[in-house]
Amino acid sequence: MSGKSIPGKDPRFGRSVIPQAARAAQQRSELPDCRRAAREMIRERVPAQPGVYGYLDGQGRLLYVGKSKSLRHRLLGYQATTPSDPKMTRIVRHARGMIWEPTTHELLALIREQELITRWQPSMNRMGQPLRRQPVFVRIDRGPAAMVGPARRASIETHHCFGPIPGTKEVGQGVIALAYAFGLRDCQAKTPMHFRDQLELFAELRTPLCLRHELGSCPAPCAGGCSRGEYDRRVARAVAFLEGEDRSILAELQVEMFRSAEQKRYERAAICRDRFDRLSWLEKRLERLRQARRDLHGLFPLPGLKRRQVWLVLRHGLLSDVIAVTSSPEDRETLARIAAHAALPGPIPLPESMHEVYVQMILHGWFRKHPEDLDRLVPFDRIEVGTSEPRKKESASRTGMPSRTAASPPTADSTHRIDPSNGVAVPEPQRVKRRRRRPHESTVAPSDAIPLRSEPLRRPDSASRTEAGSG
């Protein structure tokens, strides 16, 4: 089997973007041939907490990397008489050793797992990955006679890119519907273009190079069927649809569908219906992505080891950094500096590598599955240097990510402090005048705010720095 070997006699997963304060020491063990002995070893050595694990072959190569919210329970499942997944049997059959690394939170285990898969490319992680689950971007060229099509990677210098969206087949169908509905070309990039208003020394009669012009779905910029301005307006309207600013094309397709049905042009009505369904699917996925980028913009606290607090720095839905801080003033000021820098206005970034794409999808999926964690997210603009007065939370918007307003606590009379005993941020209510609670009223927890100082900042000690990823 192919795969990268972990160097050294004692294999290690390697460095990580996740700081050591969020990861316990890695452990390794030979895999006993007897299932009973393997189960006893797992019960004795593997903790029942979140983390990542890997199976090694005889040459020290990673066969498979996985994660679990309970390492002990998951690894015991591999040694069951009848494992729940046939793939477990194949992995154990080829494995000669095990390695595991506990983390302080399941979300960190998910990020660490993707990091290890990207770095070591285990053979059994790559086998059987369905193409339909891979993320894709929708791409529209920025040049003349712009093309529309799917793309594996984002390139904002030469294209308008929207995504990533999981589902290769569905995105491909949506891109075709987009091209036909807005009249954009989807032919080869090397096809020569001749606009109607293009000056030529010798005019010649040109014919369209495909059937789409005859079908009425392309203005034929290759044969002078439209001017440059007319085609650019089509492109601008398609971009506005993908950005969520103009959804009128959906209403137009509905009107045409009903009109065609009334005229008993059922084939045309079915075509309009299919385009409406595919564009609606594409619009909903992009709206969910936009909502996630609006919501996931702040600091997300997670537990750490050795009296440290771990913070995920999320910027427009992307993982910008992972830091571990103590309760020292220097670390708190460093946290304030990072928050101030991340809050600076600028264009919304796109993931630059497939690893960033997959990590972004992990984050978005986590907060959709655990909407209550949105209440723990601390916006950058609520971490104000030199004051402990929090700013009022904005209400969550309408679709995509689950709303935060339903369970959001009041924000006017509480702050956060870092407990010196364990380094964890805990709510600290201020002194306010309280009234007697009526029987029908309920109590709620205080909100998030962190008082920080504004003196000159310096980097935290080496123990709390984020380790740079090598993969």
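Residue-wise test of (1) among the polar types (S, T, N, Q); (2) modelled with pLDDT of 95 or more; (3) closer than 27 Å to Ala24 by Cα; (4) not in a helix (DSSP H, G or I).
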| residue | (1), (2), (3), (4) |
| --- | --- |
| Asp331 | no, no, yes, no |
| Leu335 | no, no, yes, no |
| Pro345 | no, no, no, yes |
| Leu350 | no, no, no, yes |
| His364 | no, yes, yes, no |
| Asp373 | no, yes, yes, no |
| Pro390 | no, no, no, yes |
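Being exposed (fewer than 14 other Cβ atoms within 10 Å of the Cβ), within 21 Å of Glu115 (Cα to Cα) and not assigned by TED's automatic domain parsing to the domain that holds Trp366 is the requirement here; does Ala25 meet it?
Numbers: exposed (fewer than 14 other Cβ atoms within 10 Å of the Cβ): yes; within 21 Å of Glu115 (Cα to Cα): yes; not assigned by TED's automatic domain parsing to the domain that holds Trp366: yes.
When the stated conditions are applied, Ala25 passes them.
So Leu282 fits all but one of (1) at negative phi; (2) exposed (fewer than 13 other Cβ atoms within 10 Å of the Cβ); what number is the exception?
(2)
Taking only region 47-65 into account, find how many residues are surrounded by 16 or more Cβ atoms within 10 Å (Cβ to Cβ) and either within 17 Å of Arg12 (Cβ to Cβ) or not assigned by TED's automatic domain parsing to the domain that holds Ala109 (or both).
13
Sort out which residues of region 323-349 are closer than 30 Å to Phe162 by Cβ and crowded, with 23+ Cβ neighbours inside 10 Å, and write them in order of number. Spell out how you get there, then give the answer.
At the first step, the residues of region 323-349 found to be closer than 30 Å to Phe162 by Cβ are 338-349.
Result: Ala339, single match.
Look through region 252-279, keep the residues that are without any contact (Cβ under 8 Å) to a residue 40 or more places away in the chain and under 27 Å from the mean Cα position of the chain (by Cα), and return whichever of them is surrounded by the fewest Cβ atoms within 10 Å (Cβ to Cβ). I'd like the intermediate steps shown before the answer.
Narrowing region 252-279 to residues without any contact (Cβ under 8 Å) to a residue 40 or more places away in the chain: 252, 254-273, 276-277.
Within this subset, residues satisfying the condition of being under 27 Å from the mean Cα position of the chain (by Cα) are 276-277.
Values: Phe276: 20, Asp277: 14.
For region 252-279, the residue satisfying everything is Asp277.
Just for region 184-223: of the residues that are under 41 Å from the mean Cα position of the chain (by Cα) and of a type in the set (Ser, Thr, Tyr), which one is surrounded by the most Cβ atoms within 10 Å (Cβ to Cβ)?
The selected residue is Ser217.
The values are calculated or read from the model by the stated rules, or taken from the named source; none is laboratory data. Being a predicted model, the structure only gives us computed values, none of them experimental. Positions of Cβ are backbone-derived with ideal geometry, glycine not excepted, and every protein chain shown enters the neighbour counts.
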